[in-house]
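Below: one structure, written as structure tokens.
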Amino acid sequence: MKIQFTIHGEPFGKLNMQPVMIKGSPRAINPKGNVRYMERIISILNNIPEVASHAGVIFEKNTPVYITIVAYYKVPDSHYKYYKSTKEWKYDKEGSDMLKGLIKPTKKPDLDNISKVICDAISHQGGIWHDDSQITSEMLSKYYSDKPRVEVCIEEG
């Protein structure tokens, strides 16, 4: 079985745990950004018919899982210009090269942090796999797009 979904909006990477003092004892809390993004992913997963209708986990314990994550970042506004000669808004040369994949994003969030927050959300949702230790192969990529999003594909592998 193959599970595919899209998380619309700018890619988000897992934030580090935040140290706090609670009643004089040091603790670490999960930042609200992580929690909100994971809740979004869980909501998306719960609305996938194959996931919602499946009893138990889709990829049973000890089943190897292959995951592909492609993050699409918004082309910076500085590359979107108004051209008086043609009276239209369009991307400049560098912006066009970004959309063609000739220039790739070398900015945050890091791909490994994007993967961490997505895999943690999938594990918390509980219907896809037993544990993210089942991931035996992972393909991560970053590109620019005029529609920022993260596309995820999970399959046995």
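One residue stands out among those in the range 95-128 that are touching a residue at least 60 places away in the same chain (Cβ under 8 Å) and not in a helix (DSSP H, G or I): the one that is nearest to residue 3 (Cα to Cα), which is 128. Scanning the range 42-72 for residues that are within 18 Å of residue 100 (Cβ to Cβ) and out of contact with any Asp or Glu (no Cβ under 7 Å at 6 or more places or on another chain), we see that the one that is surrounded by the most Cβ atoms within 10 Å (Cβ to Cβ) is 71. Taking the stated definitions as given, is residue 11 free of Cβ contacts under 8 Å to residues at least 60 places away in the same chain, open to solvent by less than 40 Å² (accessible area, probe 1.4 Å) and within 23 Å of residue 73 (Cβ to Cβ)? It is false that residue 11 is free of Cβ contacts under 8 Å to residues at least 60 places away in the same chain, open to solvent by less than 40 Å² (accessible area, probe 1.4 Å) and within 23 Å of residue 73 (Cβ to Cβ).
The values are calculated or read from the model by the stated rules, or taken from the named source; none is laboratory data. Just so it is clear, the structure is predicted and the values come from calculations on it, not from any experiment. Every residue, glycine as well, gets a Cβ built from its backbone with ideal geometry; the counts of neighbours run over all protein chains shown. Ligands, DNA and RNA are excluded from the accessible area calculation, which covers all protein heavy atoms including side chains. Shrake-Rupley method; radii C 1.70, N 1.55, O 1.52, S 1.80 Å.
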